[in-house]
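Every read-out reported here was derived from the displayed coordinates using simple, explicitly stated rules and does not represent laboratory data. Since the model is a prediction, treat every value here as computed from it, not as a measurement. Here the Cβ is made from the backbone with ideal geometry for all residues, glycine too, and neighbour counts use every protein chain on show.
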Amino acid sequence: MTLKAYSSEMLDKLALRLLDLAVIVRQMSASGRDNQIDGLTLHDKKALEWCDKLEGWARRAQADMEIKIHANRAVRRAQLLDD
């Protein structure tokens, strides 16, 4: 696994990529509904596992971001008190 620092811009790019995937699935859903397709057979086991892992990864990353935010605020407050 590669540990890489992500800027806000990089996080935005990742979010947009995930949204693009969601759009594809939503378009498939709408097309199926519009064209009265009863169902599409898919191998979903791996995709669902990836979604679970991605959700866990995102929640851990969110927690890490919150910790960094609180630490950054504490440093800024300490600097204000020193001035």
Longest principal axis of the chain (C-alpha) makes with the long axis of helix 8-34 (C-alpha) an angle, in degrees to the nearest 10, of 20
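Mind pulling the per residue volume of the convex hull built on the Cα atoms of the stretch 42-83? Å³ is fine.
33
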What helix-only [θ] at 222 nm does the chain give? Using -39500 (n - 2.57) per DSSP H run of at least 4, over all residues, to the nearest 500, the answer is -28500 deg cm²/dmol
Per-residue Cβ contact counts at 10 Å, fewest first, order 70, 43 as 43, 70
Over all pairs of different Cα atoms in the chain, the reciprocal of the mean inverse distance gives a Kirkwood radius in Å of 16.6
